[in-house]
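Notes follow once the structure below has been shown.
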């Protein structure tokens, strides 16, 4: 059995739902989780975190990457020993798929340190089992704009067209939102007319993103299934949305489960839109946990880098 080797994996974050695409649509964006492993003879795993993960260090939260790396290696009959280094610029618990990215990274890192090739389908399946929905995991693994559909023999991941004329901006308050908490607020049943209207809006969303149509994107971002219920968890969300629209956004909605907001606009307006939403959330406090910035779609998903 070969010794474990040094390895490094990078995974992009993702925004999901985008209004009518609830639990179905996700887009990889250019904020990343970068993880590396250096084997040694210590007999265990030491974890070093930086970037947005520093707060997890302070809170002594269990680490998804470390847990999954250990689990997968033990399944293969290997006992991990070495230093795990994690750096992320993905805001945590802010609707950018940080947990899905961590699961994808941990799974692939376990293969990489054994000298095995990536298995994208298996990485997606692993994250899907843990997350319960694949709209964040799919873009983190495969990159780009993705849809996930349920079929009798399992989920189907589809690549979707995205016009380069669509820009994106993101902002979030200092407080995060638990995905479980956000899901508990959703109604167990919705009227037939609400479900039917949502299907039409989803079509408009996909066509609008593919064509770069502001009018269709506005229709597609409208939602009654999840957005109205989640906005109540986000302080000053309505004011931030208004500020984003005033700065040039075509539409603004909740990113994932929140607390972040994602805006769609002309690419040239993305910086101004992100700054306008951030200004509302921060209200002059200068809190580093409150963020706002332009983001760009990321065509590449999971990738291996030189350790």
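Against the condition assigned to a loop (DSSP other than H, G, I, E, B) and surrounded by 20 or more Cβ atoms within 10 Å (Cβ to Cβ), how does residue 257 come out, does it pass? When the stated conditions are applied, residue 257 passes them. Taking strands (runs of 3 or more DSSP E) as the structural unit, those lying wholly within segment 132-194 and holding at least 2 residues that are at pLDDT 90 or above and buried (at least 21 other Cβ atoms within 10 Å of the Cβ) correspond to 145-151, 167-172. Among the conditions (1) farther than 23 Å from residue 255 by Cβ; (2) at pLDDT 95 or above, residue 80 misses just one, which is (2).
Of all the criteria given as (1) modelled with pLDDT of 90 or more; (2) touching a strand residue (DSSP E or B) at 6+ places or on another chain (Cβ under 7 Å), the one not satisfied by residue 57 is (1).
Residues in segment 112-133 that are closer than 22 Å to residue 20 by Cα and touching a residue at least 40 places away in the same chain (Cβ under 8 Å): 133 alone. Only a single item in (1) within 14 Å of residue 26 (Cβ to Cβ); (2) assigned to a helix (DSSP H, G or I) is not met by residue 123, and it is number (1). Being buried (at least 22 other Cβ atoms within 10 Å of the Cβ) and either within 22 Å of residue 295 (Cβ to Cβ) or at pLDDT 95 or above (or both) is the requirement here; does residue 213 meet it? Answer is no for this residue. One residue alone among 109, 160, 96 is touching a residue at least 12 places away in the same chain (Cβ under 8 Å) and farther than 30 Å from residue 266 by Cα, and that residue is 109. In segment 279-307, the residues that are within 26 Å of residue 9 (Cα to Cα) reach residues that are modelled with pLDDT under 95 and surrounded by fewer than 19 Cβ atoms within 10 Å (Cβ to Cβ) with C-beta atoms within less than 6 angstrom, at least six apart or across chains, in these pairs: 289/174.
The values are calculated or read from the model by the stated rules, or taken from the named source; none is laboratory data. The structure presented is a predicted model; accordingly, all values stated were derived computationally and were not measured. Cβ: placed from backbone, ideal geometry, glycine included. Neighbour counts: every protein chain shown.
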